[in-house]
1. Considering region 174-192 alone, what residues qualify as being touching a Ser or Thr at 6+ places or on another chain (Cβ under 6 Å) and closer than 8 Å to P8 by Cβ?
2. Go through (1) surrounded by fewer than 16 Cβ atoms within 10 Å (Cβ to Cβ); (2) of a type in the set (D, E, K, R); (3) assigned to a helix (DSSP H, G or I) one by one and return the number of the condition E41 breaks.
3. Only one of these is within 15 Å of the ligand (Cβ to nearest atom) and without any contact (Cβ under 8 Å) to a residue 24 or more places away in the chain: M68, M42, M33. Name it.
4. Collect the residues in region 45-73 that are more than 22 Å from R175 (Cβ to Cβ) and either in a loop (DSSP other than H, G, I, E, B) or charged (D, E, K, R) (or both), keeping them in residue-number order.
5. Considering only residues that are away from the ligand (no atom under 16 Å from the Cβ) and either of a type in the set (D, E, K, R) or in a helix (DSSP H, G or I) (or both), look in region 21-30 and name the one that is nearest to K209 (Cα to Cα).
6. Of the residues in region 108-130, how many are under 14 Å from K188 (Cβ atoms) and β-branched (V, I, T)?
7. Output the number of the condition that A200 fails; it satisfies all remaining conditions of (1) surrounded by 15 or more Cβ atoms within 10 Å (Cβ to Cβ); (2) of a type in the set (G, A, S); (3) over 23 Å from R36 (Cα atoms).
8. When region 86-116 is examined, which residues are found to be surrounded by fewer than 18 Cβ atoms within 10 Å (Cβ to Cβ), part of a loop (DSSP other than H, G, I, E, B) and not basic (K, R)?
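The values are calculated or read from the model by the stated rules, or taken from the named source; none is laboratory data. Bear in mind that the values here come from a model prediction, so they are computed numbers and not experimental data. Here Cβ is always computed from backbone atoms with ideal geometry, including for glycine, and neighbour counts include all displayed protein chains.
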Amino acid sequence: MIITIDGPAAAGKGTLAAALADKYKLAYFDTGMVYRAVGVEMIENSRDVSDEAAAADLARKLTFQKMMKLSEHPEFRGPLGGKNASVVSSYPSVRAALLKMQRDFAQSPVFKDGSPARGVVYDGRDTGTVVCPSADIKLFVTASPEVRAERRFKEFREKGIDISYENVLADIKSRDERDSQRASAPLKPAPDAVIIDTSALFANDVMEKVCRIIEAKIKKSLEK
Ligand code: C5P
């Protein structure tokens, strides 16, 4: 089974993806990690993020193992890591270089310990439209920019990252704009995606709603 979850930053995709992967015993691929890895490697190599050729070169050389290593970088989940990821992901050459790695995962998905899984939950911006257009279930998870900024602000505060709510909101808005305006694989729901607005929902309400959608889909496919 392949499930794709797309949507803007801090909409609740990660929490939902992890819960679904756990419940249905599926591997989880957080595709934002490939862009964060390139963004962080640009910092490590003292490259300016506006250097598309350098970013594309790093993207072509990225492996799964290298991405896991780069995920330990202190900026990987921080504001700069997020900003760099958003900038490098707007380069068509970077997206093209990182597509195969994301697609290949569905052919032989594995859990964190390397053992094989029977399917995958993808989380990202274009996983239902570009990475895996033939996915069994496609979800587009969204929420208002203010609600998303509040959630991200709390996450940063819990990690001891000193940033104001206003700056988090401004960053969310500029990432939304870059993600939806870019020429290559812009952020948009797949035509066959179920759209879920999480602005007024708790994580367990979202999970319940999605499980009902999945169970109905499984029932329908068994009836065929
Ligand atoms: O989801 P996350 O915040 O980790 O993603 C980091 C950045 O990577 C996003 O702001 C987005 O611009 C980009 N991204 C993307 N396509 C994906 C996943 C993430 O363009 N499938």
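1. Narrowing region 174-192 to residues touching a Ser or Thr at 6+ places or on another chain (Cβ under 6 Å): 175, 178, 182, 186-187, 190.
Within region 174-192, R175, L187 qualify.
2. (1)
3. Values: M42 fails: without any contact (Cβ under 8 Å) to a residue 24 or more places away in the chain; M33 fails: without any contact (Cβ under 8 Å) to a residue 24 or more places away in the chain.
Matching residue, one of M68, M42, M33: M68.
4. Applying the first criterion (more than 22 Å from R175 (Cβ to Cβ)) to region 45-73 yields 45-46, 53, 57, 60-61, 63-66, 68-69, 72.
Within region 45-73, N45, S46, D57, R60, K61, T63, K66, K69, E72 qualify.
5. Here the answer is K23.
6. Narrowing region 108-130 to residues under 14 Å from K188 (Cβ atoms): 124-130.
Okay, now just the ones that are also β-branched (V, I, T), so 127, 129-130.
Residues in region 108-130 being under 14 Å from K188 (Cβ atoms) and β-branched (V, I, T): 3 in total.
7. (1)
8. S108, F111, D113, G114, S115
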